[in-house]
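What follows is one structure encoded as structure tokens, with my remarks underneath.
None of the figures in this text is laboratory data; all of them are computed from the coordinates on show. Given the structure is predicted, the values throughout are model-derived calculations rather than measurements. Please note: Cβ atoms are built from the backbone with ideal geometry, for glycine as well, and neighbour counts cover all protein chains shown.
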Amino acid sequence: MNHAALTVRYRPQSFAEVSGQSVITAVLSRAAAEDRVAPAYLFSGTRGVGKTTLARIFAKALNCRKAPGAEPCNACDRCRAITLGGAVDVLEIDAASNRGIDDMRRLKESVGYAPLDARYKVFIIDEAHMLTPEAFNALLKTLEEPPARATFILATTEPHKIPSTILSRCQHYVFKRLSDAELEAHLKKLLALENISHENAALRLLTRRAAGSVRDSMSLLGQVLALSKTALTENDVRSMLGLAGQEFFFRLISAIKKADCPALLLLVRELLDQGLDLGFFLRELTSMWRNIFMLRQAGKAAGKAVDLPEAEVELWLREAEDFDLGHIHACWQMSLEGQHRVLSSLDPALSLELLLLNLALLPRMLSLREISLLSRKLPLLPEAMPPVPEAAPEEHAPLRPEAAPDEPEYPELEQARPEETQKVPPEDFPLHGKEDKKPAQPDPSGEQEKLRRELDDLPLIRAFREKLDAEMIDCLYKSRDEARKEQDKF
Ligand SMILES: [Zn+2]
């Protein structure tokens, strides 16, 4: 059994058989039962969610020998002709290959004649957004004076490309992606009919990979069943579809936790050598961070919010505990944003390596909290920093010969520095210019000093310090305000 056969054999033939889209099937079924037909319909939605399938079922329901009725009988000559694609009054046009005005003119002429055999002429225009402007014009003229006993069904993945003049004359139905649960139920039903046993993890993987498309889910199922015709196992799904196993993700997270860069690069190599599907890997990576975040935040109470089998919850919970919540959150966001960047990069392998290294090294980079701490607690200019406690002479030999007491250590800086600045005791040096008259907080516990020294150990901070000025802090606030404005729009 190949996957094409599977898709064809289980293509729904009645409204009741269609998975998902329950509202649309109910509305169309009722319209067919009451024989109320609009001049034009627009079916929009992502690929493989049943737009043309429903268009054909609707055409059958309108033209069945037993019409009007809520369902086609699928037994009469008209129903069968439509199923086989041979009905003279149901025309399917693929706008991707018939874009020209001539095709539309022929179509317009054909509209003028009453249906030859059936009750209604039905024109199904697939990929309708691909029509040329001239073709749209010709279609518009037809819709302005809709002929009796004819209806147009436009199917498209890109409704925004349909001119508004056409849109306003159509009943518009937006087909949604199927939820994982809906897809899983659909595949389960199909496997039962085929008498094939399955592992739940295998089914879950397939549905996640299909991302809401029924057609994709069935094609993928067909591909995997080429490997084994009696059982659907997780291993088969992973090896057939090139998906990294759970064990791979555990090794990955351990390397990120330890900031073990060589291990990370080896993992990327392994991923590429096995020819795994990078796009799906990145989606799984993002969903892994999401799960870890939920577990770290709410523990076992995260329950159904995490997309994991019960047996794995405990394992991931343990992983989550070793991470700082802020780190997980940032990893989640960076993985999500990295999906497009990696896949559209000229060198996806390098881009993926960089993404993973960034995830691992995040805790060593400067956090916003640290910036804010620094801005409040540390002086701006290096020369105005509090005196660094002197290192024990036996540990650190001086890097340059001791300067004579009267001789300035950095003559060029001394010259540039105004006289009064030198006299400001370091503790009172204001950060944000002269308006800030508030003296620095006393630091009896030495906590500030400790923090400063800890941060000083990070090379990045040293390089960053000179740039830490009011302007940058303003910039951070500005981007936060802009982000809030964006949020308010929705
Ligand atoms: Zn029939």
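Spin-label point model (7 Å from Cα, Cβ direction): what's the residue 195 to residue 23 distance in nm?
4.1 nm
For a quick protection proxy, order the peptides 266-274, 298-306, 21-29 by their average other-Cβ count within 10 Å, most packed first.
So the order, starting with the most tightly packed, is 21-29, 266-274, 298-306.
For each pair in 51/121; 141/176; 66/141; 188/229; 188/304, compute the distance between the two Cα atoms and list the pairs where it is over 22 Å.
141/176; 66/141
At 7 Å along Cα-to-Cβ for each site, give me the label-to-label distance between residue 9 and residue 88 in nm.
Once both label points are built, they end up 3.5 nm from each other.
What distance in nm separates the two pseudo spin-label positions at residue 185 and residue 96, each 7 Å out from Cα along the beta-carbon direction?
Taking the two extended label points, one gets 3.0 nm.
Mind ordering 128-135, 242-249, 310-317 by average Cβ neighbours within 10 Å, highest first?
128-135, 242-249, 310-317
By what distance, in whole Å, do the Cα atoms of segment 21-174 stretch along each of the three principal axes, largest value first?
Projected onto its principal axes, the Cα set of segment 21-174 covers 39, 33, 26 Å.
Given the peptides 33-40, 151-158, arrange them by the average over their residues of other C-beta atoms within 10 Å, most packed first.
Order by mean packing, descending: 151-158, 33-40.
Per 0.36 nm of contour for each residue apart, how much would the distance between residue 228 and residue 266 grow if the chain were fully extended, relative to their Cα-Cα spacing?
Length gained, residue 228 through residue 266: 10.5 nm.
May I ask you to derive the FRET efficiency for residue 325 and residue 450 from their Cβ-Cβ distance with R0 = 30 Å, giving the value to the nearest 0.05?
Rounded to the nearest 0.05, the efficiency is 0.85.
Could you work out the per residue convex hull volume over the alpha carbons of segment 180-241, in cubic angstrom?
Taking only Cα atoms, segment 180-241 has a hull volume of 64 Å³ per residue.
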